[in-house]
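J.: Structure in structure tokens, see below.
The values are calculated or read from the model by the stated rules, or taken from the named source; none is laboratory data. Worth saying up front: this structure is predicted, and the values here are computed from it rather than measured. Cβ: placed from backbone, ideal geometry, glycine included. Neighbour counts: every protein chain shown.
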Amino acid sequence: MKIGIIGAGAVGSACLTAAVQRRVAREIIMVNRNRKKARGLVTDVQYGAVLSPGIELRDGDYADLKGAALVMITAGVNEKTGGATDRNDPAGRLRLLDTNVSVYRDIVPRIHAVAPDTLVLVVTDPPDPLADAVRKLGHMRALSTGTYLDSLRFKFHLGQRLKVSPASVSAQILGEHGTTEVFVWSSATIAGRPLRECLSRASQGWDEFRRDIEQQVRFANIAIIEGIGASQHGIGMVSARIAEIILSDERTVIPIGSYQPQYGATLSLPSLLGRDGVIETFEPEMSTEEREALRHSADTLKAAVARMKI
């Protein structure tokens, strides 16, 4: 199978490298406005790709996306360039929306013209309203990377604080990939045991524990940007994993962004994912507070979409 990646910046480069390492496709096409940059990236990665035999990497143009099962869009201004790194800014990544919608106005029709049936995975920030932009631009098969990475960060920090492997932690973040994301504490468990019952390991009160974890997760991207200039490798690995689930038709349940008619916006819910995209979504048991927070997250996203100029 073939996939495409649009955008050869930091995130696109990380997506390409991770996709090669996971061997998610037989053919990967890298498209960039400056084709010379795409060619340089492919040339660099192809030498390491010898370690993952059977994968063909090519720089190309939109016409080369014909027949692709999945196209990732990573193009656009990032948080650092777009001024979205203020921890006190309630808009967060949504500050990038207007600029990146203008980028998508050029990209999406060109994808649709050559690959009308492909699944588009929006990686560019803010991914949820940009997935709605893809739909408004005429390509209805659109997903966002959503809160999958946020949920992995949540699990990581919980595991670190409670001294267990993050793989043993069941916890998720839903709603917006952004400032209104919803931490579903009420259903978080370790080996089926409610998280609150495990808190004796943390030597900390419940409210303080929650605040500390949420702060680490919410601002992880900014801390990364302050260190290396761009949050790229984690989202690259997550995007490659999503591609793997889709192309292998795994039917795995993950939190990923898709359009939710009951909320009127693209947001993340636990979703059964396979070759045709999201097959079914599930709403987990949530507290009244969490459910209200999810509604607020949806309303924030819906308002952002309403302001878009397509």
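J.: Just for strands (runs of 3 or more DSSP E) wholly inside region 198-310: which have at least 1 residues that are farther than 19 Å from His177 by Cα and either at pLDDT below 95 or not hydroxyl-bearing (Ser, Thr, Tyr) (or both)?
T.: Working: elements: 252-260, 265-274, 277-281.
Of the strands (runs of 3 or more DSSP E) lying wholly inside region 198-310, those with at least 1 residues that are farther than 19 Å from His177 by Cα and either at pLDDT below 95 or not hydroxyl-bearing (Ser, Thr, Tyr) (or both) span 265-274, 277-281.
J.: Here's a follow-up. I'm trying to understand the selection: among the residues of region 172-197, which are touching a Ser or Thr at 6+ places or on another chain (Cβ under 7 Å), touching a residue at least 24 places away in the same chain (Cβ under 8 Å) and outside any helix (DSSP H, G or I)?
T.: First, the residues of region 172-197 that are touching a Ser or Thr at 6+ places or on another chain (Cβ under 7 Å): 172-177, 180-182, 186, 188-191, 195.
Subsequent filtering for residues that are touching a residue at least 24 places away in the same chain (Cβ under 8 Å) retains 172-177, 180-182, 186, 188, 190, 195.
Within region 172-197, Gln172, Ile173, Leu174, Gly175, Glu176, His177, Thr180, Glu181, Val182, Ala188, Ile190 meet the criteria.
J.: From the list Asp117, Asp132, Asp212, which residue is surrounded by 24 or more Cβ atoms within 10 Å (Cβ to Cβ) and either touching a Leu at 6+ places or on another chain (Cβ under 9 Å) or not aliphatic (A, V, I, L, M) (or both)? Before you say what the answer is, go through the steps one by one.
T.: Values: Asp117 fails: surrounded by 24 or more Cβ atoms within 10 Å (Cβ to Cβ); Asp212 fails: surrounded by 24 or more Cβ atoms within 10 Å (Cβ to Cβ).
Of Asp117, Asp132, Asp212, the one residue that is surrounded by 24 or more Cβ atoms within 10 Å (Cβ to Cβ) and either touching a Leu at 6+ places or on another chain (Cβ under 9 Å) or not aliphatic (A, V, I, L, M) (or both) is Asp132.
J.: Farther than 27 Å from Ile228 by Cα and touching a Lys or Arg at 6+ places or on another chain (Cβ under 9 Å) - does that describe any residue in region 26-48? I'd like the intermediate steps shown before the answer.
T.: Within region 26-48, the subset farther than 27 Å from Ile228 by Cα is 26-27.
Pick out the ones that are also touching a Lys or Arg at 6+ places or on another chain (Cβ under 9 Å) and you get 26-27.
Yes, region 26-48 contains at least one residue that is farther than 27 Å from Ile228 by Cα and touching a Lys or Arg at 6+ places or on another chain (Cβ under 9 Å).
J.: Give the residues of region 84-137 that are at pLDDT below 95, part of a loop (DSSP other than H, G, I, E, B) and not β-branched (Val, Ile, Thr), sorted by residue number.
T.: Hits for region 84-137 are Ala84, Asp86, Arg87, Asn88, Asp89, Pro90, Ala91.
J.: Anything in region 58-83 that is at pLDDT 95 or above and either part of a loop (DSSP other than H, G, I, E, B) or in contact with a Cys (Cβ under 8 Å, 6 or more places away or on another chain) (or both)? List them, or say none. Please lay out each step first, then the result.
T.: Let us first name the residues in region 58-83 that are at pLDDT 95 or above, namely 58-76.
Correct list: Asp61, Lys66, Gly67, Ala68, Ala69, Met72, Thr74, Ala75, Gly76.
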